[in-house]
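The values are calculated or read from the model by the stated rules, or taken from the named source; none is laboratory data. These numbers were taken from a predicted model, which means no experiment stands behind them. Neighbour counts are summed over all protein chains in view; Cβ atoms, including those assigned to glycine, are modelled from backbone coordinates with ideal geometry. Side chains included, ligands, DNA and RNA excluded: accessible areas come from the protein's heavy atoms. Shrake-Rupley method; radii C 1.70, N 1.55, O 1.52, S 1.80 Å.
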Amino acid sequence: MPARSHRGGSAPPASTHAACRAAPSATYSPGGGTSTGRLKTVGAIHGLTLRTSDPAHLARAAVEGMLCALADGLDALIQQGATANRIVLVGGGARSEAVRKIAPALFGLPVLVPPPGEYVADGAARQAAWVIEGGDLPPTWSAETPEVYEDTSVPLIREQYAAARDRVVDRSAR
């Protein structure tokens with residue numbers, strides 16, 4: 001079965017890329033553990049105005065903030081020599097239409113969404129089979145065809161997130 005492909009299209013409300021200049025931006029900065037075992041975290045919404053304080057803008061800011069944090073993690077892997085030519089989205093976030101449609105613009109890569117499954121368990125079983133069987137390559141297992149989401153990269157979203165993130169990190173370091 002060929003992959004179903006989604007290009008841009010009907011994204012969630014307040015999603016036009018030109019509108020990202022006026023949309024709020026959500027950031028989250030993990031602060032690490034404390035002596036009481038609680039995490040010191042900081043969250044913030046930047047650029048909030050009366051016009052952008054509706055549920056659609058706030059939801060989009062939360063989705064973009066979460067995806068930008070993941071993109072920061074991908075950037076760190078790439079800085080260490082990893083390469084990425086696609087993003088495979090699984091788990092709870094993959095069920096969100098907003099996440100599936102916004103992710104390609106933030107990552108600048110095609111986003112593949114396989115049907116829901118037990119991917120952690122499947123991966124562990126595949127690794128175990130590889131150890132038992134040996135060989136240079138893992139055993140091949142069949143997989144269902146994913147849906148593919150694509151869009152034009154919008155660096156401005158990541159730039160705005162980075163600026164807001166850096167302000168939050170600066171504040172939390174005090």
_Long-range neighbours under 6 Å by Cβ, at least six apart or interchain, first residue closer than 16 Å to ALA94 by Cα within the stretch 51-65, second among the hydrophobic types (A, V, I, L, M, F, W, C) and at pLDDT below 90_ = ARG60/ALA14; ALA62/ALA26; GLY65/ALA26
*asked:* Given the criterion closer than 30 Å to GLU144 by Cβ, in contact with a helix residue (DSSP H, G or I) (Cβ under 7 Å, 6 or more places away or on another chain) and modelled with pLDDT of 50 or more, identify the matching residue among ILE45, ILE78, ILE87.
replied: ILE87
_Just to verify a result, which residue in the stretch 147-162, among those that are under 11 Å from GLY108 (Cα atoms) and charged (D, E, K, R), is surrounded by the fewest Cβ atoms within 10 Å (Cβ to Cβ)?_
GLU150
*Of these, ILE78, ILE102, ILE45, which one is among the β-branched types (Val, Ile, Thr), open to solvent by 30 Å² or more (accessible area, probe 1.4 Å) and in a helix (DSSP H, G or I)?*
ILE78
_Which of the numbered conditions does ASP136 fail, given that it passes all the others? Conditions: (1) modelled with pLDDT under 90; (2) in a loop (DSSP other than H, G, I, E, B); (3) acidic (Asp, Glu)._
(1)
_Looking for something surrounded by 15 or more Cβ atoms within 10 Å (Cβ to Cβ), touching a residue at least 12 places away in the same chain (Cβ under 8 Å) and under 17 Å from TYR149 (Cβ atoms) - is there at least one such residue anywhere in the stretch 113-120?_
yes
*List every residue pair whose Cβ atoms lie under 8 Å apart, where the two residues are 6 or more positions apart in sequence or sit on different chains, the first residue falls within the stretch 133-158 and is within 30 Å of GLY47 (Cα to Cα), and the second residue, located anywhere, is acidic (Asp, Glu).*
ILE157/GLU64
*Mind checking which residues of the stretch 86-103 are within 14 Å of ALA62 (Cβ to Cβ) and free of Cβ contacts under 8 Å to residues at least 40 places away in the same chain?*
GLY92, GLY93, SER96, VAL99
*asked:* On the basis of being outside any loop (DSSP other than H, G, I, E, B), modelled with pLDDT of 90 or more and surrounded by fewer than 11 Cβ atoms within 10 Å (Cβ to Cβ), does GLY73 make the cut?
replied: yes
_Of all residues making up the stretch 51-68, the number that are part of a helix (DSSP H, G or I) and open to solvent by 40 Å² or more (accessible area, probe 1.4 Å)_ = 5
